[in-house]
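Have a look at the structure below before the remarks.
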Amino acid sequence: MLTTPTYELTKSEKSFISQHLLFAFIALAIGSLFGPLQAFEFSGVDFYPLLEPVIQSYYQGLTLHGVLNALIFTTFFITGFLTLTTIYGLKRPLKYPLLNRIGFWTMVVGLLMAAVPILLNEASVLYTFYPPLQANVFFYFGLTLVVVGSWIEGYGFIFTWREWRKENPGVRTPLMTFGGLITMVMWQLATLGIAVEILTMLIPWALGLIDGADPQLARTYFWFTGHPLVYFWLLPAYVSWYAMLPKQAGGKLFSDSLARIAFWLFLLLSVPLGFHHQFVDPGVPAGWKYIHAILTYAVFFPSMITAFTVIASLERAGRKRGGKGWLGWIPKLPWNDPSVSAQLLAGILFFFGGIGGITNASYNINLVIHNTAWVSGHFHLTVASASALSFMGISYWLVPYLRGRRLWSRKWAQIQTWLWFVGMLIFSNAMHVLGLLGAPRRTPLGEAPYVPDEWSGHLLRTSIGGAILFVSAYMFVFNIARTWWSKKLLAGPDEEVEIPVAESVHPAQETPAKLDWWTPWLIGTVALILVAYGPQLIEQIGNIDLSSPGFRP
Amino acid sequence: MAVSRRKSKDMEEITSTEEEFHPKGTVLVLAIFVLVLILLWATVYLILLSRGMTTV
Amino acid sequence: MSEVPGDGSVQTSLHIDPYERNWMRLTVVLLVVFATAVTIAGFALGFQVPSPEERVDPNTVAIGDGPFGEPGLRAYPDGSYDLYVVAQMFSFAPNEVTISAGSEVTFYVTSVDVQHGFKIQNTNVNMQIVPGQVSKLTMTFDEPGTYDFICTEYCGSAHAQMYGTLTVEK
Ligand code: HEM
Ligand SMILES: [Cu+2]
Ligand SMILES: [Cu+2]
């Protein structure tokens, strides 16, 4: 029973996953165009007049940047990658491939539906779409379909796992599949917030069926989803760090049990802490803000476990490769493999992302940085590095695997990962400092009248970092495009790309069976959400006041 | 005495090759991380304190 | 997903490496220390965040008889002030305010259109301004000087222009 038959993905499975990636990379390519334009604007170099026929404002561009990079690139990449970890981990095809196809095409229709109003400058409300700023109703329909599509794909994974469980009673769910399932189950619960926001408030309001929105309640709904959204971005990267990277580094996973405990804690704790985005909101009692601050501290814990387990796995690999002394194992890691270097560098950037995160979460400390450039500096270390750079690293083996073609240039890939690292260090440091000095986020600082001279050096560093990041993003896109349509097919078995699957030091089957048992965790998760959100939801919904008419920006 | 010491040394060798791996490099890396974390977090905390109280 | 997996395992004890166990302990200690520091600052020293103050109708709040009908400073005999501010695209009313050093000011800010921000530079006054709600914080200004208060939430095309100044005189 413990033998592991190999499973070769069928052609149609590979092309299904590839379709996800294609949309993801196109979104990244377009979304990333605006990053440097924003960063250049900060130091007074304004390209927007040149874009006028297509892009009419800084904010139309910023909406595209946020939506395409943070919502579309991530969601399409994640659903595609987790399709792979489901099938390949369980070594069986999807139970209902048609269901997953329906989910995918629902997301595509949603994407196109939301893209049209954004491109027509009818939805320049940024990716948080806070009312009373109002977008064309198709923007909301489109986002809804993207979320619903991702739900359907998630159901597909769950049905497939259940079928596998029937066929394999008593076997531990393979870690890569397990992590993916946790991600998708958490996502189902988490997205209830924006689902309710959009369906019960924003769509009727945009259609004129109700006269007003309740902006405070909308924020509460939004951040119910908004915080776990960051774990939706992050956990797939963790799947790779735990279940794949140790193998790529030439070693094994240090602890399968702790990896699973960390994933369970993320399920439990991802949702009930969204008020940490609303610390300075007028309509949420300070006591509840404080409780969510403490719960946010708790969710720091599984990330600290992850740091230890992943680094120890890497250390073990580095020592196997001949690394000596305290730190001698680090240079022995296979840095020349761009997939590895991308993920290692993403991990280093995430150290700083974590430090910023715990600072943001610290209740009153939030007064110092709320809505400043610091926040933007922070999430470029998390979603745009820990996640996005890891996804780029994964792509360096995944695209050759799916397309059966050799990576166009390893050298470019290596340089690309380092440029992202260096560019991001400069960019994010400048943004953090600007935030501490008081620079607001979501603001074209080049035209703001209150900007003191003191900021100019940092604004310039933002632009320099942004330029380096842009070069890096396009080296990635170019490399992937050349690989995608390359004529150089992988020749013979020795060139074949293998999906990296890390064994663990203690075989997974030795992990306690309880750590594969959903019921208690699901009950706990729902209970904690009810405790942390129930009273405020009752209060805020009970006092709903739909008095804010819409404003078209 | 001498015999028993030798014995324990043998045992150590056997275990240290595969199973006994002490992640002391990890400990060092994370110690540095924690120091930086405390330093940066405390910096912002002190900025908070230096900018004066906001009461409700 | 409720079935209890049958126990097909070889051995089911939870291995936790002693180094990692200590790391987990240290993490808990660290978080407790941070939480304590934040709690002291918040509840003993008085570094607080806004809490619900009042619900208003954004459509009428600035035209009625209420304090937002005539936004601005209200001085009290003890030297303290209330400052009522109306935020709207793309300005604050009032946008120039002068007070004397050492005075305690309670800010009441609301919006008549979309969400805005209200952040006084170099202080901890930083609030989300949400239509239908009143954001309130109190702060004492000891240092004379000019403090910009800026809008920190995207509110439309000229968001970057939205600011005012608070002058603290000797
Ligand atoms: C190509 C390199 C990139 C550069 C130079 C860049 C630069 C920037 C800048 C300067 C801003 C701040 C705009 C403002 O606050 O006014 C911004 C916002 C943002 N970026 Fe990036 N970025 C890049 C890539 C990414 C990636 C890969 C992601 C996510 C996967 C991302 C996600 C975001 C998000 C979510 C925002 C906030 C949008 C908002 O406030 O509504 N960025 N970016
Ligand atoms: Cu959050
Ligand atoms: Cu504003």
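The values are calculated or read from the model by the stated rules, or taken from the named source; none is laboratory data. Source: prediction; values computed, not measured. Methodologically, a virtual Cβ is constructed for each residue, glycine included, from the backbone with ideal geometry; neighbour enumeration extends over all protein chains shown. To get the accessible areas, we keep the full protein, side chains included, count just its heavy atoms, and leave off ligands, DNA and RNA. Shrake-Rupley method; radii C 1.70, N 1.55, O 1.52, S 1.80 Å.
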**OP:** Estimate for me the total accessible surface buried between chains A and C (protein heavy atoms, probe 1.4 Å, no ligands or nucleic acids), in Å² to the nearest 100.
**Re:** 6600 Å²
**OP:** Keeping the other protein chains in place, figure out the carbon and sulfur percent of the accessible area of region C:1-143, with a 1.4 Å probe.
**Re:** 53 percent
Subject >> Between C and B, accessible area buried - total, square angstrom, nearest 100, 1.4 angstrom probe >> reply: 2000 Å²
Subject >> Solvent exposure of the protein assembly as shown as accessible area per residue, Å², 1.4 Å probe >> reply: 37 Å²
Subject >> Inter-site label distance for C:ILE16 and C:TYR76 at 7 Å from Cα along Cβ, in nm >> reply: 5.1 nm
Subject >> Between region A:275-323 and region C:99-170, the alpha-carbon center distance in angstrom >> reply: 32 Å
Subject >> Minimum 10 Å² accessible area buried by the other protein chains, region A:154-180 residues, probe 1.4 Å, relative to alone >> reply: A:ILE158, A:TRP161, A:ARG162, A:ARG165, A:GLY170, A:ARG172
**OP:** Using the Karplus curve 6.51 cos²θ - 1.76 cosθ + 1.60 with θ = phi - 60°, work out ³J(HN,Hα) for each residue of region A:227-233 in order, rounded to whole Hz, and write x for Gly and Pro.
**Re:** 6, x, 3, 5, 7, 4, 6
Subject >> Residues in region C:110-134 reached by a label modelled at B:ALA42 [backbone nitrogen below 15 Å; 7 Å Cα→Cβ] >> reply: none
Original post:
For region A:11-542, with only Lys/Arg (+1) and Asp/Glu (-1) charged at the beta-carbon, what is the dipole magnitude about the Cα centre, in debye rounded to 20?
Top reply: 2020 debye
**OP:** Post the alpha-carbon centroid distance, region C:20-49 to region A:340-388, in whole angstrom.
**Re:** 19 Å
Subject >> Separation of alpha-carbon centers, region A:389-408 and region A:479-516, rounded to whole Å >> reply: 11 Å
Original post:
With a 1.4 Å probe, how much accessible area is buried between chains B and A, both sides summed, in Å² to the nearest hundred?
Top reply: 2400 Å²
**OP:** Calculate the mean, over all residues of peptide A:267-279, of how many other protein chain Cβ atoms lie within 10 angstrom of the residue's Cβ.
**Re:** 1
Original post:
For region A:166-178, what does the Karplus curve 6.51 cos²θ - 1.76 cosθ + 1.60, with θ = phi - 60°, yield as ³J(HN,Hα) per residue in whole Hz, taken in order and with x for Gly and Pro?
Top reply: 4, 6, 10, x, x, 8, 5, 4, x, 4, 5, 6, 4
Subject >> For C:THR165, residues with placed amide H under 5 Å, excluding near neighbours >> reply: C:GLU96, C:VAL97, C:PHE149
Original post:
Among A:LEU111, A:LEU99, A:THR74, whose Cα lies farthest out toward the positive end of the dipole of region A:63-172, if unit charges sit on the beta carbon of Lys, Arg (+1) and Asp, Glu (-1)?
Top reply: A:LEU99
Subject >> Neighbourhood charge, 12 Å Cβ-Cβ cut-off, centred on C:VAL125 and excluding it, Lys, Arg +1 and Asp, Glu -1 >> reply: +2
**OP:** Please work out the FRET efficiency for the pair B:VAL56 and C:GLN161, using the Cβ-Cβ distance as r and a Förster radius of 35 Å; give the result to the nearest 0.05.
**Re:** 0.70
Subject >> Where GluC sites (Glu not before Pro) in DSSP loops with at most 10 other Cβ within 10 Å are excluded, longest remaining stretch of chain A >> reply: A:9-497
Subject >> Scattering profile of the protein assembly as shown at q = 0.11 Å⁻¹ [log10 I(q)/I(0), Debye over alpha-carbon scatterers] >> reply: -1.25
**OP:** Using amide H atoms built 1.01 Å from N in the peptide plane, name the residues 5+ places from C:GLN133, or on other chains, whose amide H lies under 5 Å from its own.
**Re:** C:VAL56, C:SER111
**OP:** Could you calculate the contour length gain from A:LEU199 to A:TRP412, that is, 0.36 nm times the residue separation minus the distance between their Cα atoms, to one decimal place in nm?
**Re:** 72.2 nm
Subject >> Inter-chain shielding of C:108-119 (mean C-beta neighbours from other protein chains, 10 Å cut-off) >> reply: 4
Original post:
FRET efficiency for B:HIS22 and A:VAL531, Cβ-Cβ distance as r, R0 = 41 Å, nearest 0.05?
Top reply: 0.50
Subject >> Exceeding the 19 Å Cα-Cα cut-off - candidates A:LYS247/A:LYS411; A:LYS324/A:LYS411; A:LYS166/A:LYS514; A:LYS289/C:LYS136; A:LYS95/A:LYS252 >> reply: A:LYS247/A:LYS411; A:LYS324/A:LYS411; A:LYS95/A:LYS252
Original post:
Share of Cα-Cα pairs in region A:1-122 beyond 19 Å, in percent?
Top reply: 56 percent
**OP:** Return the residues of region A:501-517 for which accessible area with all protein chains present is lower than in the chain on its own by 10 Å² or more; set the probe to 1.4 Å and exclude ligands, DNA and RNA.
**Re:** A:VAL505, A:HIS506, A:GLN509, A:GLU510, A:PRO512, A:ALA513, A:ASP516, A:TRP517
Original post:
Rounded, prolate or oblate: which fits chain C when a ≥ b ≥ c are the square roots of the eigenvalues of the alpha-carbon gyration tensor, with rounded for a/c under 1.5 and prolate only if a/b beats b/c?
Top reply: prolate
Original post:
Cα axis of helix C:18-39 to longest principal axis of chain C: angle in degrees, 0 to 90, nearest 10?
Top reply: 20 degrees
Subject >> Label point distance in nm, A:GLU163-C:SER100, each placed 7 Å from Cα along Cα→Cβ >> reply: 8.1 nm
**OP:** Would you please give the residues with an amide H less than 5 Å from that of A:GLY44, counting only those at least 5 places away or on a separate chain, with H modeled from the backbone geometry?
**Re:** A:GLY446
Original post:
So, with a 1.4 angstrom probe, what is the percent of accessible area on chain A that is carbon and sulfur?
Top reply: 69 percent
Original post:
Per-residue HN-Hα couplings for region C:110-127, Karplus 6.51 cos²θ - 1.76 cosθ + 1.60 at θ = phi - 60°, whole Hz, x for Gly and Pro?
Top reply: 9, 10, 9, 9, 9, 6, 9, x, 9, 10, 8, 4, 6, 10, 8, 6, 7, 9
